[in-house]
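Remarks on the structure that follows.
The values are calculated or read from the model by the stated rules, or taken from the named source; none is laboratory data. Not measured: the values here are computed from a predicted model. Virtual Cβ from ideal backbone geometry, glycine too; neighbours counted across all protein chains shown. These area figures cover heavy atoms from the full protein model, side chains too; ligands, DNA and RNA do not enter into them. Shrake-Rupley method; radii C 1.70, N 1.55, O 1.52, S 1.80 Å.
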Amino acid sequence: MIKSGQNRDSNAAPRIFYGWWIVAAAFLNLFFTTGVIYYGFPVFYPAFVTYLGFTRAQVTEGFLVGFLVVGLPFGLLAGALIDRVGARSVILSGVAFIGLPLVFMGSMTKFWQYELLCIVEVLGYTLAGPIANQVLITQWFRIKRGRAMGFAYLGLGLGGVVSPPTVNLFIKHFGWRHALEITGSLILLVLVPVGLWITRSTPAEMGLAPDGASPIPCENNAVDEQASNGVLSSIRTANFWLILTGAALVVGAINAVTQQFILFLKDQGYSSTTAAHFLSILLASSLGGRVLVGYLADRFKKKNTMALFYLLLGGAIPLLCIAQRPVAALAFAVVFGFAMGADYMLIPLVTAECFGIESLGKLLALIIMGYSIGQWIGPWMAGRIFDTSHSYQLAWIILTVASLLGAAAIYAISIPPRRVFGADS
């Protein structure tokens, strides 16, 4: 046994576990499907308001309608498809629905066209966005799951850092219509080859085991045995609703801030370029948070780490009330951005810790589609408050309270006892 173990170690040592290529693929998927769409797309909002006559509520209403119309039903379908056919096929099918609507938005002239294209965009995001990539990472890693998820989610943060100034540059040089077409084309040109040539749904497809360990059936079966629950039994627990409520409140607050951030800063007297730079600083700060939170999640209780970052995020929002001062705007961008490191990536880790991975795709679909409603009600609500009062002050107060309540909900989660991977018992 010792000799075979030594041979196995010596043979594996020079090789990079293929799971890290999966992390690279998920990095690129999240860079474009989430980082660019969530954080680069708001740079187009001033053009929609100026040239198409949309209100501030309308610029985010398209995505809200999309999540209500297709996000919920197709989110559940995506979870079932991932569990049945694997994440790779689902991601590839969603990429087209993300890239093509952006290309067609370059020709839109009416609000109904915008809403229709946003609905298709949401369908693509549902299939190729966080749900599939979270399950993908979870399938390939057990022991190093937190770090792997953290590195993959750097793609989301880096996409957010790069996309606002890049989109702003595209708009300045080519106009906002061509900028939309270029963005959509880039997504297709990068993600289709990644899905075809790199992504594989599970390590078993390549004769591997999670983390590169030897595929010994008894060890793999023991990893999540105590925590594996069915979907129906899981949704009857308090933990499920605490995860869903906490995530909906905090992710809703995050998206409300980031979607309205550039419009808000322009109201404070900043130029479009300066506003885009502040958004990039915010998202650059999130990179540090994502790296740190991945390591913390592997060393401490994941739900406590998640609650701490959510608490920090809620505490940063009041700085927006004095954002006309550049120092305050910068401090907000740094602190809020850093706290965003735990925005999405800890949700699947806490969910897997509570319920196992057997039905993780379906459970994450339920949770993500649930918090996605809050994710787009938040920006729409903030826009409506501004359209009514010509101020975001009330919105910032509401979002602060929501974040603090979300942190409390996550902290209240009770993690069931589990069998440790690889332990001798």
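Values for this structure:
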{"read-out": "When residues of the range 394-410 are limited to those that are open to solvent by less than 20 Å² (accessible area, probe 1.4 Å) and not hydrophobic (A, V, I, L, M, F, W, C), the one nearest to residue 303 (Cα to Cα)", "value": "406"}
{"read-out": "Lone qualifier among 377, 410, 415 - being in a loop (DSSP other than H, G, I, E, B) and in contact (Cβ under 8 Å) with a residue 24 or more places away in the chain", "value": "415"}
{"read-out": "Set 296, 287, 292, 263: member being more than 24 Å from residue 61 (Cα to Cα), crowded, with 17+ Cβ neighbours inside 10 Å and over 15 Å from the mean Cα position of the chain (by Cα)", "value": "296"}
{"read-out": "Filtered residues of the range 29-57 (kept if surrounded by fewer than 20 Cβ atoms within 10 Å (Cβ to Cβ) and in contact with a helix residue (DSSP H, G or I) (Cβ under 8 Å, 6 or more places away or on another chain))", "value": "46, 47, 49, 51, 52, 54, 55, 57"}
{"read-out": "Count - residues of the range 148-204 that are under 30 Å from residue 360 (Cβ atoms) and hydroxyl-bearing (Ser, Thr, Tyr)", "value": "5"}
{"read-out": "Members of the range 299-325 found to be open to solvent by 40 Å² or more (accessible area, probe 1.4 Å), closer than 24 Å to residue 382 by Cα and in a helix (DSSP H, G or I), listed by number", "value": "311, 312, 315, 318, 319, 321, 322"}
{"read-out": "Criterion: within 30 Å of residue 359 (Cα to Cα), without any contact (Cβ under 8 Å) to a residue 60 or more places away in the chain and not small (Gly, Ala, Ser) - qualifying residue of 299, 290, 325", "value": "299"}
{"read-out": "Some residue of the range 340-359 being in contact with a Lys or Arg (Cβ under 8 Å, 6 or more places away or on another chain), among the hydroxyl-bearing types (Ser, Thr, Tyr) and open to solvent by 10 Å² or more (accessible area, probe 1.4 Å)", "value": "no"}
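Okay, residues lined up against (1) of a type in the set (A, V, I, L, M, F, W, C); (2) outside any helix (DSSP H, G or I); (3) within 19 Å of residue 54 (Cβ to Cβ):
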residue	(1), (2), (3)
120	yes, no, yes
143	yes, yes, no
182	yes, no, no
188	yes, no, no
